[in-house]
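Read through the structure below, which is laid out as structure tokens, and then see the notes.
Read-outs throughout are calculated quantities, based only on the coordinates presented, and are distinct from any laboratory measurement. Here the structure is a predicted model, which is why all the values come from computation and not from measurement. With ideal geometry, Cβ positions are generated from the backbone for all residues, glycine too; neighbour counts draw on all protein chains shown.
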């Protein structure tokens, strides 16, 4: 989860805002090395928030679980370089006819 947040440049508070899961739950989940006791509802909300933001979660396939960006994303600086940097998919270029 922390790796996915890092890809998005999200703080734990950003993940709280996007997922609706409490900060305490996120901190507990990130402090455990291995499976967590998180409820299915909370795990699903976190996964949905990360995937909607452009992260692809990679299941364990011998090398361990991981995360990567689905595609290159552009950063939107809404607070002058402060916390909470947002990401968006790049605008598609219009083809000349």
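Residue count for segment 30-57 under the criterion of being surrounded by 13 or more Cβ atoms within 10 Å (Cβ to Cβ) and on the phi < 0 side of the Ramachandran plot: the result is 17. The residue pairs whose first member lies in segment 33-50 and is closer than 11 Å to residue 20 by Cα, whose second member is surrounded by fewer than 15 Cβ atoms within 10 Å (Cβ to Cβ), and whose beta carbons are closer than 6 Å, counting only pairs six or more residues apart or on different chains, are 45/20. Residues of segment 14-29 that are surrounded by 15 or more Cβ atoms within 10 Å (Cβ to Cβ), part of a helix (DSSP H, G or I) and in contact (Cβ under 8 Å) with a residue 12 or more places away in the chain: 14, 15, 18, 19, 25, 26, 29.
In segment 3-13, what residues are more than 19 Å from residue 39 (Cβ to Cβ) and part of a helix (DSSP H, G or I)? Passing the criteria: 3, 5, 6, 7, 8, 13. Residues in segment 51-67 that are touching a strand residue (DSSP E or B) at 6+ places or on another chain (Cβ under 9 Å), more than 12 Å from residue 1 (Cα to Cα) and in contact (Cβ under 8 Å) with a residue 24 or more places away in the chain: 53, 54.
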